[in-house]
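**Q** Quick one: this structure, given as structure tokens, is what I'll be asking you about.
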Amino acid sequence: MILDRLLNATAAVASPPPGSVNVRVGQVVKGPGGAWVPCATEVAGGVYYSGLFQVGPGQRQVCASDRALPCADQALSRAIELASFAAA
């Protein structure tokens, strides 16, 4: 079940849309899969995506573009969950 959720989440990961802005940033989540910073990214007019970026040189941010959320706090909560999966 957890593996299915992780695979579904990674299938819908993309670069943040142009002009999007990180409006909430969470604590670094560390594990064998690396260190990941969860964030809520505002796309436009009250639409938010959950985002992650891996700590380290040459890393970039990605967004879970499969689900637009109406609240930055919801997007950050989901991003924290995704960061936990990525770090595991």
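The values are calculated or read from the model by the stated rules, or taken from the named source; none is laboratory data. Just so it is clear, the structure is predicted and the values come from calculations on it, not from any experiment. When we count neighbours, we look across all protein chains shown, and the Cβ atoms used for this are built from the backbone with ideal geometry, even at glycine. Each accessible area value is taken on the protein alone, full model and side chains, heavy atoms only, with ligands, DNA and RNA left out. Shrake-Rupley method; radii C 1.70, N 1.55, O 1.52, S 1.80 Å.
**Q** Taking 0.36 nm per residue of separation and subtracting the Cα-Cα distance, what length does fully extending Val47 through Asp66 add?
**A** Values: separation 19, 0.36 × 19 = 6.84 nm, distance 1.25 nm.
Extra length from Val47 to Asp66 when fully extended: 5.6 nm.
**Q** Using alpha carbon centroids, what distance separates segment 71-86 and segment 11-67, in Å?
**A** 9
**Q** If you add up the charges near Tyr48, with Lys and Arg at +1 and Asp and Glu at -1, over every other residue whose beta carbon is less than 12 angstrom from its beta carbon, what do you get?
**A** Values: positive: Arg24, Arg67, Arg78; negative: Glu42, Asp73.
Summing Lys/Arg as +1 and Asp/Glu as -1 gives +1.
**Q** Based solely on its DSSP helices, what 222 nm [θ] is calculated for the chain when runs of n ≥ 4 H residues each add -39,500 (n - 2.57) and the sum is averaged over all residues, nearest 500 deg cm²/dmol? It would help to have the intermediate numbers written out before the result.
**A** On the way: 2 runs with 26 residues, N = 88.
Rounded to the nearest 500, the figure is -9500 deg cm²/dmol.
**Q** Heavy-atom accessible area per residue, the chain, 1.4 Å probe: how many Å²? Working shown, then result.
**A** Working: 5050 Å² over 88 residues.
Computed with neighbouring chains in place, this is 57 Å² per residue.
**Q** Here is a further query. With everything on Cα atoms, drop me the angle between helix 72-87 and the longest principal axis of the chain, reported from 0 to 90° to the nearest 10.
**A** For 72-87 against the chain, the angle is about 20 degrees.
**Q** Okay, next question. Quick one: if the Förster radius is 30 Å, what FRET efficiency do Val55 and Ser15 give, using the C-beta to C-beta distance and rounding to 0.05? Could the numbers behind the result be given before it?
**A** Numbers: r = 18 Å, r/R0 = 0.59.
Result of the calculation: an efficiency of 0.95.
**Q** Work from the charge dipole of the chain (Cβ charges, +1 for Lys and Arg, -1 for Asp and Glu, about the Cα centre) and give the residue of Tyr49, Val25, Pro70 farthest towards its positive end.
**A** Highest projection toward the positive end goes to Val25.
**Q** Kirkwood Rh over Cα pairs of the chain into Stokes-Einstein at 4 °C, 1.567 mPa s: D in µm²/s?
**A** Numbers: Rh = 12.6 Å.
In µm²/s, the coefficient is 102.
**Q** Packing-wise, with mean Cβ within 10 Å as the measure, how do 55-62, 33-40 rank, highest first?
**A** 33-40, 55-62
**Q** Can you pull the percent of the chain's accessible area that's carbon plus sulfur, 1.4 Å probe, other chains left in place?
**A** Summing carbon and sulfur atoms, their accessible area is 58 percent of the total for the chain.
**Q** Also, quick follow-up: Could you give the radius of gyration (one decimal) and Dmax (whole number) of the Cα atoms in segment 34-78, in Å?
**A** Values for segment 34-78 (Cα only, Rg and Dmax): 10.8, 33 Å.
**Q** Counting Lys +1, Arg +1, Asp -1, Glu -1, what net charge surrounds Ala87 among other residues with beta carbon under 12 Å of its beta carbon? Please list the in-between numbers first.
**A** Numbers: positive: Lys30; negative: Glu81.
Taking every Cβ under 12 Å from that of Ala87, the sum is 0.
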